[in-house]
Structure formats: structure tokens, C-alpha cells
Amino acid sequence: MIKLNVPRFLVFLLGITTTICSAQKKAALEPAYTYVPDDLELYQNIVAMDSTFFQAYNTCDLEKQANIYSDSIEFYHDTGGLMTAKQDILNGTKKYVCGKVTRELIKGSIEVYPIKDFGAIEMGLHQFHNNTDKEGTPSHASKFIIFWKNNNNVWTMTKVVSLH
């Protein structure tokens, strides 16, 4: 037969209860982060540009991609390094992406911040799917940052940061 030490058990139970309540109270005091755009029209424009560009990316419309990339593009890739030649980026896309890779935006992940007298910065999450992998092969989300320049309502990508 097990002999129960009631006072020790009650102290233990009280300690556990206090710890749980304290953790719940702390979690309740820390607000969850929710992004709200400063400028809804700007946000919608950039989301539309993102969609336009990556539709061209997914369908290998290199001409449309070229029109959206700035002539002075800087493309920073965490494993590929820095590329600054627009034609090299397009050639790499044609060789390594066309028909092989598709990009999927993580719904609700885009954040857009205005940059005075320049345009905007877009940040978000996306994942890339290798079309040669069997269906259902998992793909992890990665971060991206895009600097968009607005020149008389013509938006171009001037910098892209791709982090996997």
C-alpha cells in the first residue's frame, strides 16, 4: 500500500497550479502580432505586382519578368550570392527554373511598408516546389524581401533578397 504524504502533495499541487496560471497570464498579456498595412492602396498594388511577377515566373514569361526587373537590379540569394546583371538573372531563370520550379506564396504573409520618395518594401513567405519531385513532396517556407521602386506609377523590382 502506498503511503501518501498529504502536505507534500498539496505543496506540489499548489506549485504546479501557480506555474500554469502564471504562464497563462503571461501569454495573455503578450499580444499576438497582427500586421495591418499603413496604406491599403499601396499594399494592394504591391500584392498585385507580386502576383503579376510570380505568374510570369511560374509560366516562364521572361519578357514580363524583364519588364518588372529594374535595369539596376540587385538579387541577393543566401546560397547563390549576389547577382547584379539582369540578363544573367533571366538566363538563370530560363535554365534552372522554367518548367522545373513553381513559387507558391504563403497566404496572408505579405507585409508592405512605404518608403518616402522611392516606393515600398515587401516582405513575406513563400515556398518553391520542384516540379520533378513526386506530388506531395514537402517544401518549406522561406522569407523574401523585395524593394519596389515607383516611377510615375510604373513599379519595378530594384532589390530582391531571397532567404531559404
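In the range 74-85, how many residues are without any contact (Cβ under 8 Å) to a residue 40 or more places away in the chain, open to solvent by less than 50 Å² (accessible area, probe 1.4 Å) and assigned to a strand (DSSP E or B)?
Residues flagged as without any contact (Cβ under 8 Å) to a residue 40 or more places away in the chain, open to solvent by less than 50 Å² (accessible area, probe 1.4 Å) and assigned to a strand (DSSP E or B) within the range 74-85 amount to 1.
Pairs, please: C-beta under 9 Å, at least 6 apart or cross-chain, first residue without any contact (Cβ under 8 Å) to a residue 24 or more places away in the chain and among the aliphatic types (A, V, I, L, M) and in the range 57-73, second assigned to a loop (DSSP other than H, G, I, E, B) and open to solvent by less than 50 Å² (accessible area, probe 1.4 Å)?
none
Out of Asp88, Asp133, Asp71, which single residue is open to solvent by 30 Å² or more (accessible area, probe 1.4 Å), outside any helix (DSSP H, G or I) and farther than 27 Å from Gln44 by Cβ?
Just a single option satisfies the conditions, and that option is Asp133.
Is there any pair linking a residue in the range 42-53 that is aromatic (Phe, Trp, Tyr) to one that is open to solvent by 50 Å² or more (accessible area, probe 1.4 Å) and in a helix (DSSP H, G or I), with Cβ under 8 Å and at least six apart or on different chains, and which?
Phe53/Lys64
The values are calculated or read from the model by the stated rules, or taken from the named source; none is laboratory data. As the structure is a computational prediction, the values presented were derived from the model and not from experiment. Using ideal geometry, Cβ is built from the backbone for each residue, glycine included, and neighbour counts are taken over all protein chains shown. These area figures cover heavy atoms from the full protein model, side chains too; ligands, DNA and RNA do not enter into them. Shrake-Rupley method; radii C 1.70, N 1.55, O 1.52, S 1.80 Å.
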